Amino acid sequence: MITYEDFFSRVEKVEARIAAACLAAGRAAGEVKLLAVTKTHPADAAIYAARHGLAAVGENRVQEAAAKRPLAAAAGAAALRWELIGHLQSNKARLAAETFDRVQSVDSEKLVRQLDKAAGELGRPLAVLLQVNAGRDPAKFGCEPEDAPRLLEAALAAPNLRVDGLMTIAPLGADAAETAEHARRTFANLRTLRDEFATRFGVALPELSMGMSADIELAIAAGSTCVRVGSALFGAR
Ligand SMILES: *Cc1c(COP(=O)(O)O)cnc(C)c1O
């Protein structure tokens, strides 16, 4: 685990990248939130994020987050928000609804039903994003773009879920140039889908969660409102 001083200089660099990308895209810097991805790191990573004033952390495993969240809260990071960004099995929906403030990786109607039921039992609405395989990566989770309208319809009809928007992960390419090309296409696809859905379903869907350490700039240029950054903040996993 890196030191807080190292984290501090890394987070300043990432925030400067976000600000520069917003400027280049003619967007206000406040439009893009930084989600610190703390997966595989100890609870200290979340505590660092809170100490720097970041609002939220992202985790990709339910049990790992459920173990770390109370540790971070006990160390003064009780206000930190926790978001699930990894694939969720529907048998873990209940623990996910208990552990997370928002689930970004909703990719099936079954998961919509399970999360809705769990949130109803807990007596509090759960914020979600729908994960779309906008880059058609066979190795990635997320619903296929053509299945997304049905998934959105189901999520909008779930009384205990609040649909904030869409999330995607860009597929890797054979080299840096191809990876960048995939990222551009994937992010543009997600943005187009969001705009289509907003019109077709009459909902705002303000959140577009796209962009990671390597492609923050491309994601912001394409309209990202939430970049999920791990290695640029905490080092290699
Ligand atoms: C791990 C992960 C990230 C962060 O990736 P980095 O390249 O370390 O910034 C972002 N999104 C998801 C879904 C992840 O699983």
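The values are calculated or read from the model by the stated rules, or taken from the named source; none is laboratory data. Only a predicted model underlies this, so the values are computations on that prediction, with no experimental measurement involved. All Cβ positions, even for glycine, are placed from backbone atoms using ideal geometry, and neighbour counts span all protein chains on display. The protein model used for the area step is the full one, side chains on, heavy atoms only, and it has no ligands, DNA or RNA in it. Shrake-Rupley method; radii C 1.70, N 1.55, O 1.52, S 1.80 Å.
Taking 0.36 nm per residue of separation and subtracting the Cα-Cα distance, what length does fully extending R136 through R81 add?
Numbers: separation 55, 0.36 × 55 = 19.80 nm, distance 2.98 nm.
Working it through step by step, the gained length comes to 16.8 nm.
Cut-off 19 Å, label point 7 angstrom out along Cα-to-Cβ of K117: give me the residues of region 138-173 whose amide nitrogen falls inside.
Answer for this model: 151, 154-162.
For a protection proxy built on the mean count of beta-carbon atoms within 10 angstrom, sort 137-144, 186-193 highest first, please.
Details: 137-144: 15.1, 186-193: 21.2.
My ranking of the peptides, most packed first, is 186-193, 137-144.
With just the Cα atoms of the chain, tell me how far they stretch along each of the three principal axes, in Å, largest first.
Cα extents, longest axis first: 46, 42, 33 Å.
Give the distance, in whole Å, between the Cα centre of region 32-63 and the Cα centre of region 132-182.
Answer, in whole Å: 22.
What is the percent carbon and sulfur in the accessible area of the chain, measuring with a 1.4 Å probe over the protein chains and ignoring ligands? All intermediate terms of the calculation are to be shown ahead of the outcome.
On the way: 5700 of 10620 Å².
Accessible surface attributable to carbon and sulfur in the chain totals 54 percent.
Treating only the Cβ of Lys, Arg, Asp and Glu as charged (+1, +1, -1, -1), what charge dipole size does the chain show about its Cα centre? Round to the nearest 20 debye. If you can, show how the numbers build up before the last one.
Details: 29 positive and 29 negative charges, 91 e Å.
Magnitude of the dipole: close to 440 debye.
If you place +1 on the Cβ of every Lys and Arg, -1 on the Cβ of every Asp and Glu, and leave all else neutral, what size is the dipole of region 127-196 about its Cα centre, to the nearest 20 Debye?
Values: 8 positive and 11 negative charges, 36 e Å.
Here region 127-196 has a charge dipole of around 180 debye.
Where only protein heavy atoms count, and the probe is 1.4 Å, what is the accessible area per residue for the chain in Å²? Show your work: numbers first, answer last.
Numbers: 10620 Å² over 237 residues.
With the other protein chains kept in place, the chain gives 45 Å² per residue.
Please turn the phi angles of region 5-13 into ³J(HN,Hα) values with the Karplus equation 6.51 cos²θ - 1.76 cosθ + 1.60 (θ = phi - 60°), one per residue in order, whole Hz, x for glycine and proline.
Karplus values, whole Hz, x for Gly and Pro: 4, 5, 4, 4, 6, 5, 5, 4, 5.
What number comes out for the charge environment of L151, summing +1 per Lys or Arg and -1 per Asp or Glu over other residues with Cβ under 11 Å away? It would help to have the intermediate numbers written out before the result.
Numbers: positive: K110, R150; negative: D107, E109, E144, E146, D147, E153.
Summing Lys and Arg as +1 and Asp and Glu as -1 gives -4.
Taking 7 Å along the Cα-to-C-beta vector as the label spot, tell me the S90-V203 distance in nanometres, rounded to one decimal.
About 1.9 nm separates the two model spin labels.
Given Cβ point charges of +1 (Lys, Arg) and -1 (Asp, Glu) and nothing else, what value in debye, to the nearest 20, does the dipole of region 120-237 about its Cα centre take? Could you put the intermediate results ahead of the total?
On the way: 12 positive and 15 negative charges, 53 e Å.
Roughly 260 debye, rounded to the nearest 20.
For region 197-205, take each phi angle, set θ = phi - 60°, evaluate the Karplus expression 6.51 cos²θ - 1.76 cosθ + 1.60, and give the result in whole Hz per residue in order, putting x for glycine and proline.
5, 4, 6, 5, 9, x, 10, 7, 6
At 10 °C and a viscosity of 1.306 mPa s, what translational diffusion coefficient does Stokes-Einstein give for region 168-214, taking Rh as the Kirkwood radius over Cα pairs? Give it in µm²/s as a whole number.
Values: Rh = 11.6 Å.
Result for D is 137 µm²/s.
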